[in-house]
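Asker: Before we start, here is the structure in question, set down as structure tokens.
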Amino acid sequence: MPVATEDLQRVHAWWRAANYLSVGQIYLLDNPLLVEPLRPEHIKPRLLGHWGTTPGLNFIYAHLNRVIQARSLRVLPVIGPGHGGPGIVANTWLEGSYSELYPELPRNAEGMRRLFRQFSFPGGIPSHCAPDVPGSIHEGGELGYSLAHAFGAAFDNPQLLVACVVGDGEAETGPLATAWHSNKFLDPRHDGAVLPILHLNGYKIANPTILARIPRAELENLLMGYGWRPYFVAGDEPWSMHAQMAATLELILDEIASIQARHRAGGESTRSQWPMIVLESPKGWTGPKVVDGVQIEGTWRAHQVPLAQVAENPEHLRLLEAWMRSYRPEELFDAGGTPRAAVLELAPQGTLRMGLNPHANGGAHVAPLELPPLADFQVAVERPGQATAEATRVLGQWLREVMRGSEAARNFRLFGPDETASNRLDAVFEVTERAWVAERRAGDDHLAPGGRVMEVLSEHQCQGWLEGYLLTGRYGLFSCYEAFIHIVDSMFNQHAKWLEAARRIPWRQPPPALNILLTSHVWRQDHNGFSHQDPGFIDLVVNKKADVVRVYLPPDANTLLCVAEHCLRSRGRVNVIVAGKNAEPQWLPLDAAARHCEAGIGMFEFASNDGEGSPDVVFGCAGDVPTLETLAAVDLLRRHLPDLKVRVVNVVDLMTLQPREEHPRGMSDSEFDALFTTDRPVIFAYHGYPWLIHRLTYRRHNHENLHVRGYKEEGTTTTPFDMVVRNDLDRFHLVIDVIDRVPGLGYRAAHVRQLMRDQLARHHEYICRVGEDLPEIRDWTWQSRRGA
Ligand SMILES: Cc1ncc(C[n+]2csc(CCOP(=O)(O)OP(=O)(O)O)c2C)c(N)n1
Ligand SMILES: [Mg+2]
């Protein structure tokens, strides 16, 4: 049914107003209402920003406003081409949300002057849909994640419609290309809807886009192949485009409502073909058509600023003024700069305005997550090393109860690329399923619509969905192979930047933390080998601002439980937890584990024999496998060099190693010196690349005595113990390190050193002959020889 002309006129007025305000932000320092002819001193000295995508975004925003009003919809916008920031700022200023969050920018001439001036200006706001932009959960700086974020926001938000603009250039990225498949995971009963709007403006920065240069039938088939029903809105004549867009939105919203009604009434559980829009419009639409004899509108040349020499070139200045006046600002704003009723009538009310959608400030609307008491899941550890457990399996049992506790609120999900069971978290399947709305066959394992375990073989989707889920105020955990978390290095960077920038925006509240569990780690890739061995993600993580990152290396199951509980409670951070899934000896009972985690670092008294006096050597260890090897080395030292005074310091929270001035969890120098001494050799067995420990401690007093063992890129498919041997992280090498570094010991302990070398040779010979580790290695357990 065609939409009434008056409605389209309102949409058109809004669009012109938003376009006017967008151009003003890119170009003007002053004279916002053009009350006098433009002069060079009204123009910004540096012209920054992106015009090309902006009129399309403004067109979409205006049309969404109309349907939000007509249908009282709750719409969250996700803007893939986030470089169109001035457009979204313009729209949120028009609807009033901007001035509510930033009262110093009221909807009048002075507010408009400041709005223009602040954009991409020192001391002002960034050019993209960064955290300062009302209603944004997606900056759109690094392209590719819009659709994953949109789905993450829609999961478990049944009343929400996420309108996701996808750039046609963005659509060429790997993450976006896969994200179309998110529709196989969305359950209309429990989840909201995502409406993708492919912004087919034909160009990127300097090239056409692929999707704009294939026949329409091919594009249609491609999108249909991904399971969507594409509707095309195409052209450049505004009134025809308004009519098409409005009618298409009506159709589509009816379709979405009908899909939801059918599923929610209980009748239907099969996958639906959700509608989407392909908006084919000129890049830089309504901007200057030709500049200096070159076509701008409808080409890649419209991407950034179509008129680049406005202050210097009178013709450009004239063109800019003509361009801005083409929107007829006097019809849109009164003499005082306030938008006229004809424009404002299109703005939805209250929190229906997209800029004030509560979901976009998820941190301010977080329901508590019920966490079951750890005591019910603890491993009984009567004495160190006596019990054996698979740390992640223990965690899985606790997570099962977290799943159960969040069943009604549906505010917790687990994400992972196909590895929940392999990572031994499969207890959760006693309570929920893997989300799946595609075909199911006999023999499938725990697949169902509405499941809250999200498995897709795309680390990008796992990360993107989770980010969208968290930013809209829910909780989650992403478990991943350690080596393959690198696939989302860049996404991690972007999310950490978002969190960092959001801290400076007063109205934003920190969302629940992004928790990444790295299991199937470098030391236990028994089935795989070199390709699966890389502990370098931690190195990347610690580059980020101290306040937003934490890295935890729990040495056993009880410590893992304590760490996980802490992480699920924390806000505004990225927590990385590294923990193995294999059966390993357990060191700490739950109460001791809790104290250890609270401090983040501490002595293992049970393994230290330096008593009141000072140690001859200090062992540092971080990570489950390095802790095991350290304790096995201590065991050997007790046996062969019983007089040697050894101290063992275990690190759970890697950030404690940094100076306090660098990180809120960092130790003071005196605390560090008390643990590691100022003059004794320190042998540090670390889970990852050794250099990181040096990087974190290079300012400490005893740094010249610090000797770090870790992964040095020696990997293959071999036995677990051979992995540590190849990297000199094994107990025998650690004992040799002690002998070589404790003054005077080299001579006295030469025979022990030789014995260690012999053991390494024996190990090598045995594994090559038998194919598994020596029984005394496999079956080694901690024997307390305290004081022996
Ligand atoms: C991952 C990534 N690669 C490169 C860029 C640089 N870049 C910024 S905008 C852009 C073109 C985007 O084209 P499109 O998605 O079609 O957006 P629009 O045409 O709407 O501006 C590129 C390549 C980026 N931001 N992110
Ligand atoms: Mg484009």
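Asker: Would you rank S269, S146 by solvent-accessible area, highest first, keeping every protein chain in place and using a 1.4 Å probe?
Answerer: S269, S146
Asker: At q = 0.07 Å⁻¹, what base-10 log of I(q)/I(0) does the Debye formula yield for the chain when every alpha carbon is treated as an equal point scatterer in vacuo?
Answerer: For the requested q values the scattering log ratios are -0.59.
Asker: In the full protein assembly as shown, how much of C562 is accessible to a 1.4 Å probe, in Å² to the nearest 10?
Answerer: Looks like 10 Å² after rounding.
Asker: Let's test the formula: R0 of 45 Å, r as the Cβ-Cβ distance of D444 and R503. What FRET efficiency results, to the nearest 0.05?
Answerer: 0.55
Asker: Hey, got a sec? Which trypsin sites (Lys or Arg not before Pro) in region 502-551 land in a DSSP loop and have at most 11 other Cβ atoms within 10 Å?
Answerer: Hits after loop and neighbour filter: R504.
Asker: Also, I was wondering about something else. Keeping all protein chains in place, calculate the accessible area per residue for the chain (probe 1.4 angstrom), answer in Å².
Answerer: 36 Å²
Asker: Here's another thing I want to ask about it. For the chain, which cysteines have no disulfide-compatible partner, meaning no other cysteine Cβ under 4.7 Å?
Answerer: Here C129, C164, C462, C480, C567, C621, C768 come out as lacking a disulfide-compatible partner, given the Cβ-Cβ threshold of under 4.7 Å.
Asker: I need the GluC sites (Glu not before Pro) found in region 124-206, filtered to DSSP loop residues with at most 16 other beta carbons within 10 Å of theirs.
Answerer: E142
Asker: Could you list the trypsin sites (Lys or Arg not before Pro) in region 1-95 that lie in coil according to DSSP, counting only those with at most 11 other Cβ atoms within 10 Å of their Cβ?
Answerer: Numbers: sites: R10, R16, R46, R66, R71, R74; in loops: R46.
Listed in order of number, the matching sites are R46.
Asker: When the C-alpha atoms of region 229-277 are aligned to their principal axes, what extent does each axis show, in angstrom, from largest down?
Answerer: 43, 14, 6
Asker: Would you list which lysines come within 21 Å of K545, measuring only between C-alpha atoms, while excluding same-chain residues fewer than 8 positions from it?
Answerer: The qualifying lysines are K497.
Asker: A further question follows. To the nearest whole percent, what portion of all C-alpha pairs in region 575-721 is separated by more than 28 angstrom?
Answerer: Summing the P(r) tail past 28 Å for region 575-721 gives 16 percent.
Asker: Across 10 Å bins from 0, what is the distribution of all Cα-Cα pair distances for region 245-311, in whole percents?
Answerer: All Cα pairs, binned at 10 Å, distribute as 17, 28, 17, 17, 14, 6, 1 percent.
Asker: Give the percent of DSSP beta bridges with both residues in the chain that are antiparallel, rounded to the nearest 5.
Answerer: 15 percent
Asker: Ranked from the most accessible area to the least, with a 1.4 Å probe and all protein chains present, what is the order of T270, T432?
Answerer: Largest accessible area first, the list is T270, T432.
Asker: Oh, and also: Using 0.36 nm times the number of residues separating E330 and A380, minus their current alpha carbon distance, what extension gain do you get?
Answerer: This chain segment gains 10.4 nm when fully extended.
Asker: Also, I was wondering about something else. With a 1.4 Å probe and all protein chains kept in place, how much accessible area does I487 have, in Å² rounded to the nearest 10?
Answerer: 80 Å²
Asker: Which one of H365, H764, A421 is farthest out on the positive end of the charge dipole of the chain, using unit charges on Cβ (Lys, Arg +1; Asp, Glu -1) and the Cα centre as origin?
Answerer: Farthest towards the positive pole: H365.
Asker: Now for a separate question. Pull up the cross-link candidates among the lysines for K204, meaning alpha carbon to alpha carbon under 16 Å and not fewer than 8 places away within one chain.
Answerer: K283
Asker: Further question: With every protein chain left in place and a probe of 1.4 Å, what is the accessible surface of R595, to the nearest 10 Å²?
Answerer: My reading of the accessible area for R595 is about 150 Å².
Asker: Can you work out ³J(HN,Hα) from phi for every residue in region 269-280, in order, using Karplus 6.51 cos²θ - 1.76 cosθ + 1.60 and θ = phi - 60°, giving whole Hz and x for Gly and Pro?
Answerer: Working through the residues one at a time gives 9, 7, 6, 9, 8, 6, x, 8, 10, 10, 9, 9 Hz.
Asker: Then there is this: What translational diffusion coefficient, to the nearest whole µm²/s, does region 313-464 have by Stokes-Einstein, given a Kirkwood radius computed over alpha-carbon pairs, a temperature of 4 °C and 1.567 mPa s viscosity?
Answerer: It diffuses with D of about 62 µm²/s by this estimate.
The values are calculated or read from the model by the stated rules, or taken from the named source; none is laboratory data. Worth saying up front: this structure is predicted, and the values here are computed from it rather than measured. Please note: Cβ atoms are built from the backbone with ideal geometry, for glycine as well, and neighbour counts cover all protein chains shown. For the accessible areas, the whole protein counts, side chains as well, though only heavy atoms, and no ligand, DNA or RNA atoms are used. Shrake-Rupley method; radii C 1.70, N 1.55, O 1.52, S 1.80 Å.
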